[in-house]
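A short worksheet on the structure shown next.
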Amino acid sequence: MENTPKRETRKSSVKVEFALWVMLFLGATILVLTSFTLSQEREALTREVTRRGLALAQYVATHGQDPFLTNDKLMLATLVGDVMKNEDMVYALMVDRNGRVVASDKSDLIGSAYVRPPGDYPLDRPSGRTFTWRHPLAGLVIDVGIPLILQGTTKIGEVHLGVSRSTIDRVVNQAWRQVMLVAFIFLSGGLLGSFVLVTFVLRPVSELTKGAQAIGAGYLNYQIPAMRNNELGQLAVTFNRMTRELKIATERALEQERIKKELQLAHQIQQTLLPKQTPEAAGFSFGTLYRAAKEVGGDYYDFFWLDKTKLGMVVADVCGKGVPAAMLMSMARSMLKSIARNYTTPSEVLKELNRLLSGDLKNGMFITVLYAVLDVPKKTLTYALAGHNPGLLVNPRSHKAKSLSCEPPCLPVGLDRGAIFEKLIQDKKITLAPHDVVVLYTDGVTEAMNAEREEFGESGLQACLEGQGVEADAAALIQALDGQLTKFCGDIPQNDDIAAIILQVD
Amino acid sequence: MSARKDGSIQVEFREAGVPGITRVDITGVVDTGTTLILDERLAVVLREQQYKLVLNLEKVSYVSSAGWGLFISLLHKTREHNGDIKLAAMTNEVKNVFNLLAFSNLIYSYKTLEEAVAAFDR
């Protein structure tokens, strides 16, 4: 057999997988939405701050024009101071057209040359401009610049206000933190929810798993509890039905196995009780036939010497089949063998057997028996019949044929305690002639059936024996009978035991 | 050679026309297999305390030794309750085995149903 390596299987939980996917999906969604919203928010705030910066710069430009022209330092300082009161204002200054600082929130700068932020250039448009630069102390700053224009044409200086972006960043960062908190709450909730949901959805699956394990372990009475009427519920119903049917099938198989064992046992009992070989008697030859039916019945035959010259021969059929029949047959055989020498005639032996058995047999059980005694030197056959098929005498030479019946017939053994049986049982005696053939048999022979449901019958038996001629000995006759029965029945199964003894006079 | 029907059985119960007597119409074969069925059906009648039975064997082509065993057993069960069984209208095949077993010494049998039913009154 091929050796298949054991595959290592890592136990993975559907719950964990599902939760991870939910987390991933929720997380990605929150991230994308938040990024988009906050970037919009940042832009809007920037626009607002810029607009406010421009308004203030315009205010300075308008109100500072006269003091600028008259170099009224006090007015300019007041104006700058007013502007600086605004939150987020980093610097405020006015520069003349020569690039000198005229007014500033830092008084030490006044009169010095104006140093433009890196990347800035002199203002040309009257509407001014904004640009963002990194201030060495305040970080990112929006520089709002407006030119001072005299009478609409002459540029006389510039106003520069530095508005910090830190508020925007603070607001946006705070929004980020809040969103993250909400996202965390949502993700935790989602995780918990997915766990609960998956547990709820998977509960029937775990019930099914439990069921399958129970069945696997042989607990065929296990039934999965009722579930909701969805696909899994239907699966559970199917599963339970399967289990019930499996149980019935298993029990049936066991029962059949038990019956098979019992039949084997019955067969063994039967086989051990049949004589191993035919007797040897001067002037006679013997043959036996035994074919057990599939459902072993209780047929048997036996030979035993009563003394040096007298041979007892029995053919019997126990009613019923299987072990009870085999056991009864075994009991009857032993009894008959042990009492046979105590009596001189077959009828007396059967009377005693009936007395011994009738009290012990179950209601309705009985044995049909043909018991015969062959006196070898005298060539006589004495027999008694208890409910059994009569033997058949044929002679292939003289063509005489005779049914070895007893009239009136007697009951089988075991039914009546004695009164009727002992009145009816009687002995018959015949003297045998050369080439006479006597066959003692059970009803399995004559009731053997063919495909047309016809019985082999006594006529079939007689025709078979007469057809073999004078030369055939008992063994050859048995062989012929066996062959003809097989041919007659064809494929029809044998439903009763077949037992026969053939005795032939030389 | 005689022909015999397939191994199946039908059992019907009806009033025999006289109160307290049940007619059991059996059709088919009473062999090892069908005996079990017949036994189960008869057990129902016995539970109903019907102990006077006429078995109509008109349509029975074969009775095996197991079948005869069942009739004997039924005979004892009914007689325990002052009842009896009577066989009616046996076919020749069944009658031959009945005679071979000398069962006329144990069970009453009649040629017709009417005779069997009437026999209970005597």
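A Cβ distance below 8 Å, combined with a sequence gap of six or more or placement on separate chains, defines the contacts here; from segment A:438-464, residues that are facing chain B (nearest Cβ under 10 Å) and within 21 Å of residue A:301 (Cβ to Cβ) reach residues that are aromatic (Phe, Trp, Tyr) and in a helix (DSSP H, G or I) in the pairs A:456/A:488; A:460/A:488. Restricting the first member to segment B:91-104 and to residues that are without any contact (Cβ under 8 Å) to a residue 40 or more places away in the chain, and the second to residues that are small (Gly, Ala, Ser), the beta-carbon pairs closer than 6 Å and six or more apart or on different chains are B:101/A:387.
The single condition among (1) surrounded by 14 or more Cβ atoms within 10 Å (Cβ to Cβ); (2) touching a helix residue (DSSP H, G or I) at 6+ places or on another chain (Cβ under 8 Å) that residue A:225 does not meet is (1). Restricting attention to segment A:158-183, the residues that are out of contact with any Gly (no Cβ under 9 Å at 6 or more places or on another chain) and of a type outside the set (D, E, K, R) total 13. Being touching a helix residue (DSSP H, G or I) at 6+ places or on another chain (Cβ under 7 Å), modelled with pLDDT under 90, in the same structural domain as residue A:393 (by TED's automatic domain parsing) and under 28 Å from residue A:375 (Cα atoms) holds for only one residue in A:466, A:458, and it is A:458.
When residue B:87 is tested against (1) in contact (Cβ under 8 Å) with a residue 40 or more places away in the chain; (2) touching a strand residue (DSSP E or B) at 6+ places or on another chain (Cβ under 7 Å), just one condition goes unmet, and that condition is (1). Residue A:288 falls short on exactly one of the conditions (1) within 14 Å of another protein chain (Cβ to nearest Cβ); (2) more than 21 Å from residue A:348 (Cβ to Cβ); (3) in contact with a Phe, Trp or Tyr (Cβ under 8 Å, 6 or more places away or on another chain), and that condition is (1). Does residue A:480 satisfy the criteria of being away from every other protein chain (no Cβ under 14 Å) and part of a loop (DSSP other than H, G, I, E, B)? Spelling it out, it is not the case that residue A:480 is away from every other protein chain (no Cβ under 14 Å) and part of a loop (DSSP other than H, G, I, E, B).
When A:350, A:374, A:356 are checked against the criterion of being of a type outside the set (D, E, K, R), more than 12 Å from every other protein chain (Cβ to nearest Cβ), outside any strand (DSSP E or B) and buried (at least 24 other Cβ atoms within 10 Å of the Cβ), a single residue qualifies: A:350.
Of all residues in segment A:303-316, those being surrounded by fewer than 20 Cβ atoms within 10 Å (Cβ to Cβ) and either under 15 Å from residue A:496 (Cβ atoms) or within 54 Å of the chain's Cα centre (by Cα) (or both) number 0.
For segment A:332-346, the set of residues classified as surrounded by fewer than 24 Cβ atoms within 10 Å (Cβ to Cβ) and of a type outside the set (A, V, I, L, M, F, W, C) consists of A:333, A:334, A:337, A:338, A:341, A:342, A:343, A:344, A:345, listed by residue number. Counting only strands (runs of 3 or more DSSP E) that fall entirely inside segment A:100-207 and contain at least 3 residues that are free of Cβ contacts under 8 Å to residues at least 60 places away in the same chain and within 20 Å of residue A:89 (Cα to Cα), the qualifying elements are A:101-104, A:129-135, A:139-150. Filtering segment B:51-68 to residues that are under 28 Å from residue A:298 (Cα atoms) and crowded, with 21+ Cβ neighbours inside 10 Å leaves B:55, B:57, B:60, B:62, B:63, B:64, B:65, B:66, B:67, B:68.
Listed conditions (1) of a type outside the set (Phe, Trp, Tyr); (2) part of a strand (DSSP E or B); (3) farther than 24 Å from residue A:308 by Cα are all met by residue A:469, apart from (2).
This table checks each residue for (1) more than 24 Å from residue A:327 (Cβ to Cβ); (2) in contact with a strand residue (DSSP E or B) (Cβ under 8 Å, 6 or more places away or on another chain); (3) surrounded by 21 or more Cβ atoms within 10 Å (Cβ to Cβ); (4) more than 14 Å from chain B (Cβ to nearest Cβ).
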| site | (1), (2), (3), (4) |
| --- | --- |
| A:368 | no, yes, yes, no |
| A:381 | yes, yes, yes, yes |
| A:387 | no, yes, yes, no |
| A:399 | yes, no, no, yes |
| A:413 | no, yes, yes, no |
| A:426 | yes, yes, no, no |
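May I ask you to list the residues in segment B:11-33 that are surrounded by fewer than 13 Cβ atoms within 10 Å (Cβ to Cβ) and modelled with pLDDT of 80 or more?
B:12, B:14, B:15, B:19, B:20
I'm trying to understand the selection: among the residues of segment A:276-296, which are surrounded by 13 or more Cβ atoms within 10 Å (Cβ to Cβ), modelled with pLDDT of 80 or more and more than 18 Å from residue A:482 (Cα to Cα)? A:279, A:281, A:284 - these are the residues of segment A:276-296 that are surrounded by 13 or more Cβ atoms within 10 Å (Cβ to Cβ), modelled with pLDDT of 80 or more and more than 18 Å from residue A:482 (Cα to Cα).
The values are calculated or read from the model by the stated rules, or taken from the named source; none is laboratory data. Treat the numbers as computed from the prediction; the structure is a model and nothing was measured. Note that each Cβ is placed from the backbone with ideal geometry, even for glycine, and that neighbours are counted across all protein chains shown.
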